[in-house]
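> Take a look at this one; I'll ask things after.
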Amino acid sequence: MAKRKIVSLPGDGIGNIVMQQTIRVLNAAGFDAEYIHGDIGWELWRKEGNPLPQRTLDLISEHKIALFGSITSKPKEEAANELIPELQNKGLVYSSPIVGLRQYFNLDICMRPCRTYVGNPLNFIRRGAKGEIEEPKVDVVIFRQNTEGLYSGVEWSNPPEQVYEAFLTHSKFKKNFGAYPKEEISISSRIFSKKATERILRAAFEHAKKYGYKSVTVCEKPNVIRETSGMMYQMAKLMQKTDYQQIELKNTNIDAQMMWLTKNPEDYGVIVAGNMFGDIASDGFAGLIGGLGFASSAQYNPDSGIAVFEPTHGSAPKYADYEIPIVNPIAMIESAIMMLDYIDESQIAEKIRKAVANVIKEGKVKTYDMMKMSGKPDVIRNGAASTIQMADAIIAKL
């Protein structure tokens, strides 16, 4: 049988480091694959003016499955200034390649699990009614609509005349902003389509049904953002009533949800939201399970079968230059586990998942974040495990 081919997109900074160690773990677990490198990230932007070249899109189109590390993104002016001299003043504008991937392949479903590991010193704790220390079990899966909303990129500074005139037809825009010259205005749009909203809601309910979660929570702001958030909640109510009566439907506002996630995180199962609020909620719940060193994600299109799996942390370029890498590779390894589940390699996925859990529970090998240290080069001297040592420990448990 031919080897499975996986497109490897290390990207920038620590993406290269965690990708290397994750592939070591996959190999050790018996996953027989060929990893095909794809160009993506900051150096491509600097040297070619495009952080996501067509040749990489073609690779993903051909092989369907990609593992992604991390990328560096910088503000508009700073990005333009870092182009090589030959590309300066050519009208090139940087845009995030991961957002570009999502939109090019319509990877509109993003899934981010947030589950506590027994023994993780970074787990959220709280005081009980009698002052006792409680460590609630968190098992939340966030479904984030990945291609629309505020991240769709439909925005303007000094909007074109026809855009400005169109906005002036709305009474609230005319009243609150009509006196401003259009060159003093920047506009970002928040667009929800019924088709994409139905897909993300359906994915959330189906996941809850398949894995036995008792509730789906729509986390938006329908009391204020009435058209877009309101549409999502109304569609969720109809879907639950028609197809998922056995699953409780909850409705929370994003601001209140961020307060409640530290009050009663064990009460939530599957959460579904638009792009921005899903991003916020998933980072908030990630903090309860140990931070971004434990936060993984999958983004996929059920129609095409194309899927990209990535940790949700950034590229942390300063760490990439350390002589001994210190970053926690577990988020990248967890993303690879999600990939294995997606391609029906569940036995290997479970093997790695148990190995990771055993290392954390045993508590002998901890990266600097798990020891609550600041990320400096001397953490290794002070007892923290390196990136490689954490991978070694997981491989040993396999």
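> Given the residues Phe143, Phe167, which is the only one that is among the aromatic types (Phe, Trp, Tyr), within 28 Å of Ser96 (Cα to Cα) and surrounded by fewer than 20 Cβ atoms within 10 Å (Cβ to Cβ)?
Phe167
> Separate question: Which is in contact (Cβ under 8 Å) with a residue 12 or more places away in the chain, within 18 Å of Ala66 (Cα to Cα) and in the same structural domain as Ile65 (by TED's automatic domain parsing), of Leu398, Leu340?
Leu340
> Can you tell me which residue in segment 357-373 is nearest to Glu323 (Cα to Cα), limited to those that are surrounded by fewer than 18 Cβ atoms within 10 Å (Cβ to Cβ) and of a type in the set (A, V, I, L, M, F, W, C)?
Met373
> Next question, about the same structure. Consider Lys376 carefully, then state whether it is over 25 Å from Val118 (Cβ atoms), surrounded by fewer than 17 Cβ atoms within 10 Å (Cβ to Cβ) and of a type in the set (Lys, Arg).
yes
> Is it true that Lys182 is modelled with pLDDT under 95 and more than 21 Å from the chain's Cα centre (by Cα)?
Yes; evaluated as a whole, the condition is true for this residue.
> Next question. Which count do you get for residues in segment 222-260 that are acidic (Asp, Glu), in contact with a strand residue (DSSP E or B) (Cβ under 8 Å, 6 or more places away or on another chain) and outside any strand (DSSP E or B)?
The qualifying residues number 0.
> Right, next: Is it the case that Glu184 is at negative phi, exposed (fewer than 13 other Cβ atoms within 10 Å of the Cβ) and acidic (Asp, Glu)?
The answer is yes for Glu184.
> Mind listing whichever residues of segment 199-221 are part of a helix (DSSP H, G or I), out of contact with any Pro (no Cβ under 9 Å at 6 or more places or on another chain) and among the hydrophobic types (A, V, I, L, M, F, W, C)?
Passing the criteria: Ile200, Leu201, Ala204, Phe205, Ala208.
> Applying the selection to segment 187-213, what residues are of a type in the set (Phe, Trp, Tyr), surrounded by 15 or more Cβ atoms within 10 Å (Cβ to Cβ) and closer than 18 Å to Val141 by Cβ?
Phe205, Tyr213
> Here is a follow-up. For segment 1-35, enumerate the residues that are in a loop (DSSP other than H, G, I, E, B) and either among the basic types (Lys, Arg) or over 27 Å from Gly91 (Cβ atoms) (or both).
Result: Met1, Ala2, Lys3, Gly13, Ala29, Gly30, Phe31, Asp32.
> From the set of residues in segment 1-44 that are under 12 Å from His63 (Cα atoms) and basic (Lys, Arg), which is surrounded by the fewest Cβ atoms within 10 Å (Cβ to Cβ)?
Going through the qualifying residues, I end up with Lys3.
> Now, a different point. Do you know which residues across segment 91-131 are at pLDDT 95 or above, charged (D, E, K, R) and not in a strand (DSSP E or B)?
Asp108
> Something else now. Name the pairs: first residue in segment 16-33 and within 11 Å of Ala391 (Cβ to Cβ), second residue at pLDDT below 95 and in a helix (DSSP H, G or I), Cβ to Cβ under 7 Å, at least 6 apart or on different chains?
Ile17/Ala320
> How about segment 253-296: which of its residues are more than 18 Å from Thr217 (Cβ to Cβ) and polar (S, T, N, Q)?
Ser296
> Condition first: closer than 20 Å to Ala298 by Cα and acidic (Asp, Glu). Now tell me which residues in segment 323-367 satisfy that.
Of everything in segment 323-367, those that are closer than 20 Å to Ala298 by Cα and acidic (Asp, Glu) turn out to be Glu334, Asp341, Asp344, Glu345, Glu350.
> While we're here: In segment 148-179, what count of residues is obtained for those that are of a type in the set (D, E, K, R) and under 35 Å from the mean Cα position of the chain (by Cα)?
Number satisfying all stated conditions: 3.
The values are calculated or read from the model by the stated rules, or taken from the named source; none is laboratory data. Just so it is clear, the structure is predicted and the values come from calculations on it, not from any experiment. Glycine also receives a Cβ, built like all others from the backbone with ideal geometry; neighbour counts cover every protein chain displayed.
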